[in-house]
Amino acid sequence: MRVKALQGVGAEVAEIDLNQLSGPEQVDIRAAFAEYGLLFFRDQDIDEQGHLRFSRLWGDINVNRFFGAHPDYPEIAVVAKEPEQTGNIGGAWHTDHSYDKHPALGSILVARQLPPLGGDTWFSSMYKAYEGLSTGLQEFLGSLRAVHSAKHVFGTQQPKRVDETVEARFHSQAAADALEDPVHPVVITHPLSGRKALYVNRAFTRRFEGWTEAESAPLLEMLYAAAIQEAYITHFHWLPGSVVFWDNRATWHFAQNDYQGHRRIMHRTTIEGGPLQGSGLVS
Ligand code: SIN
């Protein structure tokens with residue numbers, strides 16, 4: 001197994017077959033995942049069962065409440081965009097499942113059908129986003145917690161979508177409405193690396209705890225802009241056989257929607273995480 005760090009975020013892992021991982025290779029992948037927070041694999045011949053087997057190495061699978069499930073493997077969420085659809089899933093910077101009380105450890109996305117051009121996924125490092133802030137702001141953010149929610153995206157209050165096919169994925173609106181909005185530290189100490197990471201995102205963070213949405217918006221907007229500097233970002237171009245394993249506590253991602261008229265089908269599993277620890281800067 002060979003691991004090559006990339007410029008923005010993540011690492012490419014080569015000379016490995018995800019269907020047949022030896023014990024030492026699993027240990028090496030775990031270590032690389034803790035170090036880089038984002039692993040890219042190429043040329044994998046992995047079917048649905050292999051996808052599930054690889055996913056279960058890292059924890060239990062969280063069955064997505066909102067995306068269409070694979071008809072034969074319900075633990076696999078189907079992230080699909082059909083040729084006639086205009087909207088896509090994941091077409092804004094976000095991290096998966098921050099609306100859960102115990103946010104997901106990571107997600108594993110496998111390319112199944114790709115457009116002839118485009119459809120890349122961009123990733124950004126939340127370690128770098130945090131480390132790029134001034135020490136004064138870091139310290140202040142260490143005292144804050146933020147409220148996250150799925151209701152405005154998946155619940156009954158979500159804006160009406162004109163795109164019927166995309167709308168069809170909101171099949172569990174009641175599930176979103178029933179979720180309790182969790183509160184997470186704005187700066188977390190990552191459970192695997194011990195490094196501090198920024199933990200807010202535009203899709204699911206609503207406001208700072210004890211602040212209104214209007215009061216929170218300017219600071220959140222400033223953080224969102226600071227988190228997507230070119231030096232923190234890797235653009236990943238999918239090819240048949242590509243698999244990506246990202247850490248939802250250490251990265252954001254953004255699915256590009258630039259292949260109108262073509263189909264793109266991806267299979268995603270999401271791995272359960274645990275409680276998040278704050279930065280420890282403030283008691
Ligand atoms: C997602 O946000 O999970 C989907 C990413 C992608 O389709 O590239």
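The values are calculated or read from the model by the stated rules, or taken from the named source; none is laboratory data. Only a predicted model underlies this, so the values are computations on that prediction, with no experimental measurement involved. We place every Cβ from the backbone using ideal geometry, glycine too, and count neighbours over all the protein chains shown. Accessible surface areas use protein heavy atoms only, side chains included; no ligands, DNA or RNA. Shrake-Rupley method; radii C 1.70, N 1.55, O 1.52, S 1.80 Å.
Quick notes on this structure:
- Net charge of Cβ neighbours under 11 Å - reference Pro240; Lys, Arg +1; Asp, Glu -1: 0
- The stretch between His235 and Arg30 holds 71.5 nm of extra length on full extension. This uses 0.36 nm per residue minus the Cα-Cα distance.
- Between Asp72 and Asp17, the C-beta separation translates, for a Förster distance of 25 Å, into a calculated FRET efficiency of about 0.60.
- Cα-based shape type of the chain, given that a ≥ b ≥ c are square roots of the gyration tensor eigenvalues and the cut on a/c is 1.5: oblate
- Accessible surface for the chain, divided over its residues, is 44 Å² per residue with a 1.4 Å probe.
- Between the beta carbons of Leu137 and Asp45, assuming R0 = 30 Å, the FRET efficiency works out to 0.05 to the nearest 0.05.
- Efficiency of FRET between Lys4 and Glu213 - r from beta-carbon atoms, R0 35 angstrom, step 0.05: 0.25
- Chymotrypsin sites (Phe, Trp or Tyr not before Pro) lying in DSSP loop within the stretch 1-45, provided at most 14 other Cβ fall within 10 Å: none
- Accessible surface of the stretch 2-282 [probe 1.4 Å, protein heavy atoms]: carbon and sulfur percent: 52
- Assigned charges on the beta-carbon of Lys, Arg, Asp, Glu; the chain dipole about Cα centre (debye): 320
- Nearby lysines by direct alpha-carbon distance to Lys151 (threshold 30 angstrom, same-chain neighbours under 8 apart not counted): Lys81, Lys101, Lys128, Lys160, Lys196
- The chain, relative contact order [Cα under 8 Å, separation at least 6], %: 37
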